[in-house]
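The block underneath contains the structure these notes are about, expressed in structure tokens.
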Amino acid sequence: MRKLIQGWSTDRIELSAMIAFLILSILVFAVITPNFLSPGIFRSMAFQLPELGLLTLAMFIPIIAGGLNLAVTFTANICGLAAAFVVQKFLAENGAAALPIALLISVTIGLGIGMLVGAMVAYVVAHPILVTLGAMIFLRGLGELLTRGADISGMPAVFETVGHGTWLGIPIPMLIFLIAVAICFYIMQFTKLGFSIHMVGSNPKATMFSGIDVNRVLVWVYGLSGALSGLAGFLMLARFNSVRVGHGESYLLITILACFLAGANPFGGFGRVLPLAVGLISLQVIASGMNLMGASQHLATAAWGGFLILVMILRAPFQSKT
Amino acid sequence: MRRAFSSAEGILGLLIVVLAVFLTISTDSFASVQNLFDLLNNQSVNIIFAVGLVVVLVAGGIDISFSVAASVVQYIVVTLLVSMGGGNWAIGLFLAAATGISLGLINALFIHRFRIVSIIVTIGTFNLFFGLLMYLSRGRSIYTIPDWLYSRVAIFSIELERGSATLYLPVLVMLFMVFATWFLLAKTGFGRQIYGFGSNPDAARRSGINVALIQGFAYGWLGLCAGIAGLMQAHIVREVVPNALYGRELDILAAVVLGGAVLGGGRGTVLGSVLGVMLLALIQNGLNLLGISPFAFKMIVGAIILGAITATNLDRILPQSRKSAKEGQNNA
């Protein structure tokens, strides 16, 4: 019981730290950029956040399991590409029916790619960084080969309603993201699979000896990650009305940053979904703020890189390979 | 004999020979002196990168920032040289080496002093270096480079029926770096310490190995290689384009992994990395000569990495006795 309370209290500290950081970043940008606190800015943030958020969740689950998935952005591209291809080839006249089918295709292909990656991590016993790096190079090459580096655009009008529409004042991409967060929260905190994922991350050997099929868990870890990437790919397709391989490539750094900012342990096993969601919002605030200030895109890249190292330095004393 | 072909180097060598024979038969231009010399000239930069990277991988780390670091070195060194009115090879090489080592030591500092995982540090410095370089240079290329860097230095030349084929300075520098790295890793006690640290950091620490020195050396050596490779690349293309080497790191990493190095440390050889680079180069060269879309190359590289990982760990997947399964687990 006491352990439980202590456990909750560290989680609360994480969460409050993230909320404090969010408030701080909003305040800073409210002071240094005059028109930051406008509904328009928050509206555009609400439309941008979901893609980044889904990719971050896709990065988060493998990190909890002690790995990393460098292929998230290109998995999203490939899934979007597949959905766009099927919709344009077979469903151009079907109107609204194209939407659920595209969603299904994106998520299924993402799940498939992820499970293949997971199977390689699990059964080949290769390092996840290497496997996902190989997968990333392969998927990018595949996408470039299929599209010759060009855009595929021109989706049916119904995609517009998902990409830019709102429901009860909430942007639809945001709704999709919140549902995904809820599902991930549920899986990670309340299911056997979620518990196994945490255990695999903190001590794979002990997990194996306590009778959990580590390989099966790993396949699901990367499968979930792939499915979330696929969902992100679907949202990108709906929002931009086009797919290009390499789109969202720069998100990779921010997803990693968000995971470690929110207290995920780089050696696996620790990290919670709620601080992640709050930390993510603060990163989106910073990104939008820098954008509004007219900071160059390259300067922003450098800032993210420096920020990642800074976060790791501050986090390092509290994390060790146990 | 059997042993030679069960090692990564042996298999790679065999693959290279098979591929070379296939390309000689199926294309006219592959087995020409011109093509082979071009291959060597063009791959020397990649090989210098690869022998640097293999040291880091053997020491149990990973670095993806080196190719961007090489771009930074190019830019800084050429800007400095132009501002001081030219300079010469000695000053250029010294500056490139010094800048490269400093950038490498920045990585080593974060990894050793702050105990951050190397992949995360180098993802951070990759973006930090690249973002700052693009921002400060405003993405502009330098076309006016010093004369000594501009005019190619020939080290070996053969007269052919049509013109002549020449090997240039980068090939010589590459041979020197390959030899130096091989000597350090395979022939010195310090090299054994790097292998030892890579295979079991805790045991190495407890047996009194200077961990800071090893980490500093590994990333510093890669920085040195990156600096020199950067200068050589500027010498070959005769200009400095800030984003020219962006993305190169993944090809090099693929090549080194192909050559038998593993993430997690303790395994990998200089010969393997050189052969890995050459195999990828042959594949690319072959695809060009056969007229296959260059877009397919990246996909094939990815497939090769995945295939190579699977092949090196094949003994773990196939049905096996309990004992060897356990050994497989321990190596992972």
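Go ahead and estimate [θ] at 222 nm for the protein assembly as shown from helices alone: -39,500 (n - 2.57) per DSSP H run with n ≥ 4, summed, over the residue count, rounded to 500.
-24000 deg cm²/dmol
The range A:15-86 to the range B:22-101: how many Å between their Cα centroids?
37 Å
Work out, step by step, the length gained on full extension between A:S250 and A:A182: first 0.36 nm times the residue separation, then minus their alpha carbon distance; give nm to one decimal.
Length gained, A:S250 through A:A182: 21.9 nm.
A:R12 to B:N288: FRET efficiency via 1/(1 + (r/R0)^6), r the Cβ-Cβ distance, R0 56 Å, to the nearest 0.05?
On the way: r = 59 Å, r/R0 = 1.06.
After rounding, the FRET efficiency stands at 0.40.
Gain in length, B:R140 to B:K187, computed as 0.36 nm per residue apart minus the alpha-carbon separation, to one decimal in nm?
Value of the extension gain: 12.5 nm.
When only Cα pairs under 8 Å and 6 or more residues apart are kept, what is the percent relative contact order across the range A:1-156?
It comes to 24 percent, rounded to a whole number.
Of the candidates B:G163, B:G189, B:G260, which one comes out as most mobile in a Gaussian network treatment of chain B with C-alpha springs shorter than 10 Å?
Looking only at B:G163, B:G189, B:G260, the largest GNM fluctuation is found for B:G163.
What size of dipole, in debye to the nearest 20, comes out for the protein assembly as shown about its Cα centre when the only charges are +1 on Lys and Arg C-beta atoms and -1 on Asp and Glu C-beta atoms?
Magnitude of the dipole: close to 1680 debye.
Just counting partner chain Cβ atoms within 10 Å, what average do the residues of peptide B:290-297 show around their Cβ? Walk me through the numbers on the way to the answer.
On the way: counts 0, 0, 0, 3, 2, 9, 4, 3.
That works out to 3 on average.
If you take every residue apart from B:I106 with its C-beta less than 13 Å away from the C-beta of B:I106, what net charge results, scoring Lys and Arg +1 and Asp and Glu -1?
Around B:I106, the charge tally is 0.
If you stretched the chain out fully between A:S296 and A:K192, how much longer would it get, using 0.36 nm times the residue separation minus the C-alpha to C-alpha distance?
Stretched fully, the A:S296-A:K192 segment lengthens by 32.9 nm.
Explain nothing, just the number: relative contact order of chain B, from Cα pairs under 8 Å at least 6 residues apart, as a whole percent.
Relative contact order for chain B comes out at 33 percent.
Loop sites only, by DSSP: take the trypsin sites (Lys or Arg not before Pro) in chain B that have at most 16 other C-beta atoms within 10 Å and name the longest stretch containing none of them.
For trypsin sites (Lys or Arg not before Pro) (loop position, at most 16 other Cβ atoms within 10 Å), the longest site-free span of chain B is B:1-114.
With a cap of 11 neighbouring Cβ atoms within 10 Å, and only residues DSSP puts in a loop, list the GluC sites (Glu not before Pro) found in the range B:154-244.
Passing sites in the range B:154-244 are B:E161.
Within 10 Å of each Cβ in peptide A:144-153, how many partner chain Cβ atoms are there on average? Round it to a whole number, please.
2
Indicate the helices, whole DSSP H runs only, in chain A that combine a mean Kyte-Doolittle hydropathy of 0.0 or more with a Cα extent along their long axis of 30 angstrom or more. List each step's numbers first, then the result.
Values: long enough: A:2-32 (45 Å, 1.27); A:39-64 (35 Å, 1.32); A:98-123 (37 Å, 2.10); A:214-240 (39 Å, 1.28).
TM-like helix candidates: A:2-32, A:39-64, A:98-123, A:214-240.
Each value in this text was obtained by applying a stated rule to the coordinates, not by laboratory testing. This structure is a prediction, so every number in the text was calculated from the model and none was measured. So basically every Cβ, Gly included, is an ideal-geometry build from the backbone, and we count neighbours across all protein chains shown.
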